[in-house]
Amino acid sequence: MSIIEVNHVSKEYRLGTLTSLKDSAKNMVRRLRKQPVQKRIPFKALDDINFTITEGEVVGIIGNNGAGKSTLLKLLAHVTTPTTGNIAVHGKVAPLIEVGAGLVPDLTGRENVYLNATILGISRADIARKFDDIVSFSELEDFIDTPIKRYSSGMKIRLAFSIATSVDAEVLIIDEVLAVGDLAFQRKCFDRMEELIKGRGSTVLIVSHNIRQIERMCSRVLLLDHGEVAADGLPLDIADLFYRRSNEKINANHKKSLQGKVHKYSSGEIELLSVELLNEQGQPTDSLPSGGTLRVRVKFNVNQTLQRPEIVVGTHTTDFFYLSASSTALIEDRPDLEVGTHEVEYIVPSFPLVAGTYCVRFAIFDQHQRKVFTGETLKIFTILPTSMEIRDAPMRRLYLPTQWRLDGVPHSSPMPAPAEAAGS
Amino acid sequence: MIRIAKNLYAYRELVAELTRKDITVRYKQAYLGIAWAVLRPLALMLIFTLVKSFVGIDSGTIPYPILTFAALMPWVFFQDATTEGIESVVKNSSLVRKIYFPREIFPLTAVTTKLVEFGISSFILAALMVWYQMAPTVHILWVPLIILYTLLVSLTIALMGAAVNVSYRDVGAALPILLSLLMYASPVIYPLQLVKDKLVIQQAAGEWSDLLYTIYTLNPLAGIIDSFQNVVLRGLPPDFTSMLPGMVLTAILLPLSYRFFKWEEAYFADVI
């Protein structure tokens, strides 16, 4: 049975400042005279949203800043009303939209528990019953009769979270409140959330930027983009799509910021023609998958014959941290470079870096180690995430084939097929 | 009507809790605490008594200080309830933006908070009555009804005003001026009897006198203050002729004001 129905919901805000009484009066006169009225530009925070949620579903809502997530939650919590369309919520809603709304600094912790819980719709009898539980969860037993203006911010948040999660409601709406307090308390909050979700079987809507958390907790995920539902489906699929999209955006930003940062030095003996990245078929490309073959082709003109020069090709990150470099100095029988056009290819069979934006650098030295040409950021390329990327550990730079022995049983970490460059 | 009452009854604990909060917060770090609630009518009473000794106002058989105190009690209740009621939604903007409950809870809480302070003032009134050796009569049982009526008058203005104040804070700024004007148009400093004598008995404004008196009593406070003095001090029932115009006006305006508030309510979170 559906517990939340959202039909063709749009929400518009008007941009700009609030109209003054004078402007409103002027507009009223214009309206009476049937003259055109001065209007402010409307901004669509949500644009024709449709979905239904059935009882017991745990739905994550993800999207970039300004995608309309919070507006949607506010509409569901009945804090504001849609401009058009309608929303039906069958059941009691507990909005944890921002924990701590309504805490009063002058009141003691105890008074605030009663006040805030009542605001959230818990009856007095229930609060009395749950009071000890709320206080012990917040770990504030010693401070409960102190005005909360003397609390640290962490203490306030702990108290607010404890109160908020003691609500019994059919629908829980949670906005980015999972991670509060220090690490130990965050852990507790997280467990409490899971208990609320799994234990009570209530319907839950969560907004978070923590995609991994969403992927783990939810049974369904909605991806919002510029006020529209861009995707709706299984957590892994949607989270992956979102991850990919964000990644593309990050890469685009990186590329943009790097555009003016090409560092080049040339003694004049060399003239760089092109630096290209080639895919397996030998076609120029801008990206390769994690662990794929890196193949760089550099073309240049030589104006003056160079004897046994040393050629260096390497890669660096967007903040100029040198990642790899190889030199032809190791090749004993390397040829001289005659006057004319030359082509050099640098091939790394398996380039083991995680998804991100990287750059190519290129340098030539003569046999006496004199700089003939050096250049950085000559080619910007991206490494695409694999389809399982969001499940993998987040803090890493390298993408390495891994083997595991779990209780003596060998498991090879799935080296998933590098996902095709989705959407690009 | 019944539906509205039922709905509000469901939120009685919230109103009680918010009222408790308002009172606690207001007097928490004040040494005199809730005593401040009665100091204002007391101080005004002393000032008016002082003024009266220069100007000369006929207070009938009742000593002037207690007569004016009995006028100030409903007046201060009305004035504070209205002012706080109008400011109530804006003051609670953090709640308005985050949690839903019927928004009329805010003006309602502001008004009930003042009811508590009114209750405290009544101890002073009782003390004054002992001092002047005045015994209450059975008519004092009218007090709750008169106060309920005052509360409805406050709500009529507060609901409308609070809704407008969300968009235009001008209301909050203009209100103190309007209320202080209204005080002189109400029988606070002088008893209603003086107005009645001039207009109804002496017909001081000729053929316009009766109309003027009706206009004067359109102000619900005229009837309220006079009746409060009647039932508490004079041992008389309320004077319904002086109450009727104000009651009719309130009966018309309160539903409109409530309707307007509920209509605007949907946009509070967006514009506040």
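The figures follow:
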quantity: Candidate set from the stretch A:61-97 (those that are basic (Lys, Arg) and touching a Gly at 6+ places or on another chain (Cβ under 8 Å)); member that is farthest from A:Ser208 (Cα to Cα); calculated: A:Lys92
quantity: In the stretch B:30-65, the residues that are of a type in the set (Gly, Ala, Ser), part of a loop (DSSP other than H, G, I, E, B) and open to solvent by less than 40 Å² (accessible area, probe 1.4 Å); calculated: B:Ala30, B:Ser59
quantity: Residue in the stretch B:124-132 that is surrounded by fewer than 16 Cβ atoms within 10 Å (Cβ to Cβ) and within 14 Å of another protein chain (Cβ to nearest Cβ) present; calculated: no
quantity: The stretch B:1-29, subset under 15 Å from A:Leu107 (Cβ atoms) and not in a helix (DSSP H, G or I), residue most open to solvent (accessible area, probe 1.4 Å); calculated: B:Gln29
quantity: Output for the stretch A:302-316, where each listed residue is at negative phi and touching a Lys or Arg at 6+ places or on another chain (Cβ under 9 Å); calculated: A:Pro309, A:Glu310, A:Ile311, A:Val312, A:Val313, A:Gly314, A:Thr315, A:His316
quantity: Near pairs, Cβ below 8 angstrom, 6+ apart or cross-chain, from the stretch A:351-363 (within 19 Å of A:Asp392 (Cβ to Cβ)) to any residue that is assigned to a strand (DSSP E or B) and among the aromatic types (Phe, Trp, Tyr); calculated: A:Thr357/A:Phe381; A:Tyr358/A:Phe381
quantity: Number of the exception - B:Leu148 against (1) without any contact (Cβ under 8 Å) to a residue 60 or more places away in the chain; (2) within 22 Å of B:Thr61 (Cα to Cα); calculated: (2)
quantity: Residue in the stretch B:135-157 that is open to solvent by 10 Å² or more (accessible area, probe 1.4 Å), small (Gly, Ala, Ser) and in a helix (DSSP H, G or I) present; calculated: no
quantity: Per-region count, the stretch A:116-133, residues modelled with pLDDT of 90 or more and crowded, with 20+ Cβ neighbours inside 10 Å; calculated: 1
quantity: Residue that is farthest from the other protein chains (Cβ to nearest Cβ) [pool: residues in the stretch B:80-101 that are charged (D, E, K, R) and either under 22 Å from B:Gly119 (Cβ atoms) or surrounded by 21 or more Cβ atoms within 10 Å (Cβ to Cβ) (or both)]; calculated: B:Asp80
quantity: Flag if A:Leu273 is open to solvent by 80 Å² or more (accessible area, probe 1.4 Å) and closer than 30 Å to A:Arg370 by Cβ; calculated: yes
quantity: Residue within the stretch A:183-198 that is surrounded by fewer than 21 Cβ atoms within 10 Å (Cβ to Cβ), assigned to a loop (DSSP other than H, G, I, E, B) and under 25 Å from the mean Cα position of the chain (by Cα) present; calculated: no
quantity: Condition met for A:Val207 (in contact (Cβ under 8 Å) with a residue 60 or more places away in the chain, over 21 Å from A:Leu72 (Cα atoms) and not small (Gly, Ala, Ser)); calculated: no
quantity: Pair list, Cβ < 9 Å and 6+ apart or interchain, from the stretch B:230-247 residues that are closer than 11 Å to B:Ile146 by Cβ to residues that are open to solvent by less than 20 Å² (accessible area, probe 1.4 Å) and part of a loop (DSSP other than H, G, I, E, B); calculated: B:Asn230/B:Pro238; B:Val231/B:Pro238
quantity: Breaking point among (1) away from chain A (no Cβ under 14 Å); (2) free of Cβ contacts under 8 Å to residues at least 12 places away in the same chain; (3) assigned to a helix (DSSP H, G or I), for B:Ala173; calculated: (1)
quantity: Filtered residue count, the stretch B:200-228, keeping only those that are in contact with a helix residue (DSSP H, G or I) (Cβ under 9 Å, 6 or more places away or on another chain), of a type outside the set (A, V, I, L, M, F, W, C), open to solvent by 70 Å² or more (accessible area, probe 1.4 Å) and part of a helix (DSSP H, G or I); calculated: 1
quantity: Residue within the stretch A:253-264 that is at pLDDT below 90, in a helix (DSSP H, G or I), crowded, with 16+ Cβ neighbours inside 10 Å and within 13 Å of the chain's Cα centre (by Cα) present; calculated: no
quantity: Selection count, the stretch A:278-308, where residues are in contact with a Pro (Cβ under 7 Å, 6 or more places away or on another chain) and assigned to a strand (DSSP E or B); calculated: 2
quantity: Residue match in the stretch A:93-112 (condition: away from every other protein chain (no Cβ under 14 Å) and crowded, with 19+ Cβ neighbours inside 10 Å); calculated: no
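Residues checked against (1) within 14 Å of another protein chain (Cβ to nearest Cβ); (2) open to solvent by 40 Å² or more (accessible area, probe 1.4 Å); (3) within 19 Å of the chain's Cα centre (by Cα):
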{"position": "B:Asn230", "(1), (2), (3)": "no, no, yes"}
{"position": "B:Gly235", "(1), (2), (3)": "no, no, no"}
{"position": "B:Pro238", "(1), (2), (3)": "no, no, yes"}
{"position": "B:Leu249", "(1), (2), (3)": "no, yes, yes"}
{"position": "B:Ile252", "(1), (2), (3)": "no, yes, yes"}
{"position": "B:Phe261", "(1), (2), (3)": "no, no, no"}
{"position": "B:Tyr267", "(1), (2), (3)": "yes, yes, no"}
{"position": "B:Ile272", "(1), (2), (3)": "yes, no, no"}
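The values are calculated or read from the model by the stated rules, or taken from the named source; none is laboratory data. Please read these numbers as outputs of a predicted model, since none were measured by experiment. Glycine gets a Cβ as well: all are built from the backbone with ideal geometry, and neighbour counts include every protein chain shown. Surface areas here come from the heavy atoms of the whole protein model, side chains and all, with no ligands, DNA or RNA. Shrake-Rupley method; radii C 1.70, N 1.55, O 1.52, S 1.80 Å.
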